[in-house]
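J.: The structure that follows is given in the form of structure tokens.
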Amino acid sequence: MQKEMKWPLILFAVGVFMAALDNGIITSSLTTLNASFGVSPTWGAWTITLYTLGLAISVPIAGKLSDRFGRKKLFLIEVALFGIGSLLVALSTSFTFFLIARVIQALGGGGIFIIASSYVLSKFPAQRQGTALGLLGGMNGIAAILGPNIGAFILDVTGNWHWLFLINVPIAVLLFLAGFKYIQEEQELSRAAVDWSGIAVLSLGVLSLMYSFSNLNGVNMLQSMASPMFYGFFLAGVAVLVVFYYMEKRLEGSDREPVVSTQLLGIASFRWTLLIAFFSGAILASVIFIPGFVEQYLGVSSTASGYWFTPLALASGIGAGGGGYLVDRRGPIWTLSAAGLLSAIGFLLFPLWVEHIWQFVIASTLVGIGFGMMLGAPVNVLVTEQAGENNKGIAVATSSLFRQMAMAIAPTIFAGFLARSFSNLGSNIQAGLASRGIEVPPAMLEQYASGAASGNDVSSLMTGLSRIPDANIREALLQAVHQTTGQGYNGLFWSAVIFSVLTLVVALVTGRLRQKEKQQMKNEPLQSL
């Protein structure tokens with residue numbers, strides 16, 4: 001690879017890893033952060049929610065502005081914003097200031113992957129784009145997986161949550177300086193005026209939708225969907241996006257270039273590719289729950305569970321690189337079909353087969369390779385095929401926005417399976433005790449079950465039950481909790497199987513649509529003659 005290509009790719013990969021890492025790295029320190037600022041867990045969750053909202057808003061903005069002002073300039077601005085935001089987060093003296101700084105950080109981090117991907121699609125030879133995009137996708141996926149473990153490690157070593165964010169500052173400074181030197185700007189910039197009103201309306205619609213999803217309750221999904229906090233913001237978001245569509249449609253052919261080309265949205269294969277991006281985001285969200293499965297169902301200690309997560313992270317990196325290679329050799333549709341199949345098989349093994357750690361390693365490796373192949377290369381190649389040079393940034397941003405939306409919705413659905421499974425804990429305890437011929441007073445039975453009614457802290461519950469002196473009762477209760485936990489995770493993994501199969505099916509449909517569209521493009525010149 002030529003030097004002028006190699007250095008920008010390395011810088012983009014580091015930037016993508018740094019930005020993607022930050023939402024996962026904070027999860028390991030939420031308890032410490034809440035105690036430091038004296039806020040409840042409900043308020044503490046906003047540290048993640050606001051970052052997610054900021055990412056969602058920044059994605060389309062960065063995508064369009066990179067087409068207008070240049071990818072190098074936008075990359076430097078994004079890195080600077082992320083570094084400044086990280087410093088402000090670390091120096092926060094109040095929770096309000098902390099949240100504002102997190103938004104600044106997200107506005108910087110959200111556009112790095114978009115700019116990096118559109119740069120590769122514009123500057124790299126077609127036969128090398130898949131491999132380069134696979135590297136970027138691998139960095140994105142590995143960071144999301146390893147984030148909690150890296151956060152826990154930094155917290156253990158330093159004993160101070162501020163270092164989770166201070167560590168970003170020197171990296172951002174080095175990225176800025178190296179990016180200024182090594183990233184070459186040869187992009188043909190769009191001369192059309194920026195549609196700032198369209199950007200504002202799009203941001204408002206996306207923000208409303210994403211906020212509505214944050215109000216869903218996995219335990220009582222239907223009830224939460226009937227809440228005004230969900231359907232009010234959801235309907236408002238949809239209405240705003242409909243207004244946005246017609247605003248953009250009126251700009252076609254004018255002196256102002258629309259944020260999202262309505263002609264692009266009119267292409268069937270483009271719309272189906274956005275659906276693939278959505279499913280890949282849901283699959284990535286399901287992977288985040290696998291460490292909990294290792295600890296809560298397989299019984300691995302919290303200190304060792306992170307180590308067993310390493311094969312999955314490595315497999316996702318291999319899958320991302322392999323997926324990029326396959327895109328260059330076999331095309332994006334073949335790659336996505338293989339990825340969906342591998343991911344479906346891996347997730348299927350969890351409810352049907354996995355009972356021991358060695359079985360987990362095999363299943364998680366298949367999952368890692370499968371979802372790793374989806375990240376980066378195939379979707380980005382598909383989504384930009386008919387975008388044109390001036391729309392590649394916003395095309396990649398639109399697909400990333402759909403993936404981000406899925407990553408906001410899916411965790412609520414998956415967590416709901418785990419929480420609802422504990423409504424069966426009482427009956428599982430009764431059945432377990434009855435199978436051993438043990439009779440326990442109802443009051444004592446209720447006491448056993450009440451500690452886990454919410455299903456929020458299985459590890460603490462298991463630890464408490466293990467202290468029960470009667471070995472027969474103790475084993476029955478532990479088995480009941482194990483069974484209940486398994487029921488919750490089985491629902492989660494079956495859902496992930498469905499998302500994987502849908503990815504495979506939609507990829508095949510998209511492949512057929514692409515063939516029809518290419519044939520139509522060949523026939524149109526003949527018809528004009």
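J.: Lys/Arg Cβ at +1, Asp/Glu Cβ at -1, dipole of the stretch 121-243 taken about the Cα centre: which of Q127, T158, V238 is farthest positive-ward?
T.: Q127
J.: Tally Lys/Arg at +1 and Asp/Glu at -1 over every other residue whose Cβ is under 14 Å from the Cβ of G322; what's the total?
T.: Neighbour charge sum, excluding G322 itself: +1.
J.: Next question. Report ³J(HN,Hα) in whole Hz for each residue of the stretch 135-143, in order, from the Karplus equation J = 6.51 cos²θ - 1.76 cosθ + 1.60 where θ = phi - 60°; Gly and Pro get x.
T.: In residue order, the calculated couplings are 4, 5, x, x, 4, 5, x, 5, 5 Hz.
J.: Over the chain, give the accessible area per residue in Å² for a 1.4 Å probe, as an integer.
T.: About 43 Å² of surface per residue is accessible.
J.: With Rg and the Kirkwood Rh both taken from Cα atoms, where does Rg over Rh land for the chain?
T.: When Rh is taken as the Kirkwood radius, the ratio is 1.00.
J.: Going by average Cβ density within 10 Å per residue, which order do the peptides 514-521, 367-374 take, highest to lowest?
T.: Put in order of decreasing packing, that is 367-374, 514-521.
J.: Counting pairs of alpha carbon atoms under 8 Å apart in space and at least six apart in sequence, what relative contact order in percent does the stretch 1-191 give?
T.: About 40 percent, as a whole number.
J.: Between S36 and M5, what FRET efficiency follows from the Cβ-Cβ distance if R0 is 45 Å, with the result rounded to 0.05?
T.: Taking R0 as 45 Å, the efficiency between S36 and M5 is 0.55.
J.: Just list whichever of K64/K181; K6/K516; K73/K522; K72/K522; K181/K249 have alpha carbons separated by over 29 Å in the model shown.
T.: K6/K516; K73/K522; K72/K522; K181/K249
J.: Report, in deg cm²/dmol and to the nearest 500, the calculated mean residue ellipticity at 222 nm for the chain, where each DSSP H run with n ≥ 4 adds -39500 (n - 2.57) and the sum is divided by the residue count.
T.: Computed ellipticity for the chain at 222 nm equals -27000 deg cm²/dmol.
J.: Given a cut-off of under 8 Å on Cα pairs at least six residues apart, what relative contact order in percent is computed for the chain?
T.: Computed over the chain, the figure is 20 percent.
J.: What ranking do 130-142, 490-502 get when scored by the average of other Cβ atoms within 10 Å per residue, highest first?
T.: Going by the mean number of other Cβ atoms within 10 Å, highest first, we get 130-142, 490-502.
J.: In degrees from 0 to 90, rounded to the nearest 10, what is the angle of the helix 46-69 Cα long axis to the longest principal axis of the chain?
T.: Roughly 10 degrees between the two axes.
J.: So what are the ³J(HN,Hα) numbers for the stretch 312-320, from phi and the Karplus equation (6.51, -1.76, 1.60; θ = phi - 60°), rounded to whole Hz, Gly and Pro as x?
T.: Rounded to whole hertz, the list is 5, 5, 5, 5, 5, x, 5, x, 5.
J.: Which residues in the stretch 269-299 place their backbone N less than 13 Å from a point set 7 Å from the Cα of K516 along the Cα-to-Cβ direction?
T.: Answer for this model: 269-272.
J.: What number comes out for the charge environment of F82, summing +1 per Lys or Arg and -1 per Asp or Glu over other residues with Cβ under 12 Å away?
T.: Spelling it out: positives minus negatives among the neighbours equals -1.
J.: Have a look at G488, F270, A56 and report the one farthest towards the positive end of the charge dipole of the chain, computed about the Cα centre with Cβ charges (Lys/Arg +1, Asp/Glu -1).
T.: Result: F270.
J.: Let me ask something else about it. Need the C-alpha centroid separation for the stretch 105-171 versus the stretch 341-399, integer Å.
T.: Their Cα centres are 17 Å away from one another.
J.: Considering only protein heavy atoms and a probe of 1.4 Å, how much of the accessible area of the chain is carbon and sulfur, as a whole percent?
T.: 64
J.: Moving to a separate point now. Rounded to whole Hz and in sequence order, give me ³J(HN,Hα) for the stretch 100-114 from the Karplus expression 6.51 cos²θ - 1.76 cosθ + 1.60, θ = phi - 60°, writing x for Gly and Pro.
T.: For the stretch 100-114, the Karplus curve yields 4, 5, 5, 5, 4, 4, 5, 4, x, x, x, x, 4, 5, 5 Hz.
J.: Right, something else. Note the angle between two axes, namely the Cα long axis of helix 357-374 and the longest principal axis of the Cα atoms of the chain, as a number of degrees from 0 to 90, rounded to the nearest 10.
T.: Once rounded, the angle reads 20 degrees.
The values are calculated or read from the model by the stated rules, or taken from the named source; none is laboratory data. Computed from a predicted structure; not experimentally measured. Cβ atoms come from the backbone with ideal geometry, glycine included; neighbour counts cover every protein chain shown. Calculation scope for accessible area: heavy atoms of the full protein, side chains included, ligands and nucleic acids excluded. Shrake-Rupley method; radii C 1.70, N 1.55, O 1.52, S 1.80 Å.
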